[in-house]
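Worksheet: one structure, shown below.
Every read-out reported here was derived from the displayed coordinates using simple, explicitly stated rules and does not represent laboratory data. Treat the numbers as computed from the prediction; the structure is a model and nothing was measured. A quick note on method: Cβ atoms are made from the backbone with ideal geometry, for glycine too, and the neighbour counts reach across all protein chains shown.
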Amino acid sequence: MINKYRIMTATQSEPAKMKIAIIGSREYENKNKIRDMIYKLKQAFGDKLEIVSGGAQNGADKYAKKFAIEFGIVYKEFNPAHTVRNLYSVMPEGYYSKPYHTSQFFHRNELIAKYCDKMVAFIDSNVASKGSYHAVSMAQKHNKPVIIVNEKF
C-alpha cells in the first residue's frame, strides 16, 4: 500500500505537459538556433512537450510554429486580439477580430507568461525589442524560468 501511494504521488507531481514558450523579436532570423532548441526540447520532454508562441508572421514566432509542427509537437498560439482565430489559437472565438491597439501585444505577452511553464526568448541584440523584453519581464513576474538566446552580429 505504501509503495502504491508513493508511485501515485510521484506520477501526480509530474506535469501532464511541459509548456515551453518560444518568443522573440520579429527580426530574429537564425532559424537554425530555434530549430536546434526545439529539437533538444523534444528530446528532453518527448510527448509531454507543448510549444507556445505569439503567432507573429516573422522572426522567432514564425520559426517556433514551423519547427514545432514539423517535429510533430503540440503547438499553441496566443495571437493578438486584432487578428483572426486560427487552428492553433488558444483563446475563444470572441477574443479575436477586435480593432487594432498596441496594448493587445502586451496583453498577449502576459497571457503567454501565465500559461507557459518556461520561456525561451530569441532576441537580436542589434534591435530594440520592447515586446520580447516585456514578455520576459512578464514571465519573471509570474516566476517562470527564462532563457535568453541573444544573437550578436
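So which of Lys76/Lys98; Lys65/Lys118; Lys65/Lys98; Lys19/Lys66; Lys66/Lys141 end up more than 26 Å apart, counting from Cα to Cα?
Lys66/Lys141
Which residue, Tyr95, Tyr133, Tyr28, has the most motion in a Gaussian network model of the chain that connects Cα atoms within less than 10 Å?
Tyr95
Mind jotting down the distance between the C-alpha centroids of segment 95-126 and segment 40-81, whole Å?
Between the Cα centres of segment 40-81 and segment 95-126 lies a distance of 14 Å.
Measure nothing fancy, just the Cα-based angle from helix 59-70's long axis to the longest principal axis of the chain, in degrees from 0 to 90, nearest 10.
40 degrees
If we count every other residue with Cβ under 10 angstrom of Phe71's Cβ, Lys/Arg +1 and Asp/Glu -1, where does the sum land?
+2
Looking at the chain as a GNM with Cα springs under 10 Å, which of Ala139, Ala60, Ala81 has the largest mean-square fluctuation?
Sorting by GNM fluctuation, first place goes to Ala81.
Let's test the formula: R0 of 30 Å, r as the Cβ-Cβ distance of Met91 and Gln43. What FRET efficiency results, to the nearest 0.05?
The pair Met91/Gln43 has a calculated efficiency of 0.50.
Report, to the nearest 10°, how far helix 31-45 tilts away from the longest principal axis of the Cα atoms in the chain, using its own Cα long axis and a range of 0 to 90°.
Once rounded, one gets 20 degrees.
How high is the FRET efficiency between His101 and Lys33 when r is their beta carbon distance and R₀ equals 22 Å, given to the nearest 0.05?
Here the calculated transfer efficiency is 0.10.
Angle check, please: helix 103-115 long axis (alpha carbons) against the longest principal axis of the chain (alpha carbons), in degrees 0 to 90, nearest 10.
Tilt of helix 103-115: around 10 degrees.
Just order 98-110, 42-54 by mean Cβ neighbour count inside 10 Å, highest at the front, would you?
Descending mean neighbour count gives 42-54, 98-110.
Could you compute the FRET efficiency for Lys17 and Ser125, with r as their C-beta to C-beta distance and R0 at 22 Å, rounded to 0.05?
That gives a FRET efficiency of 0.10.
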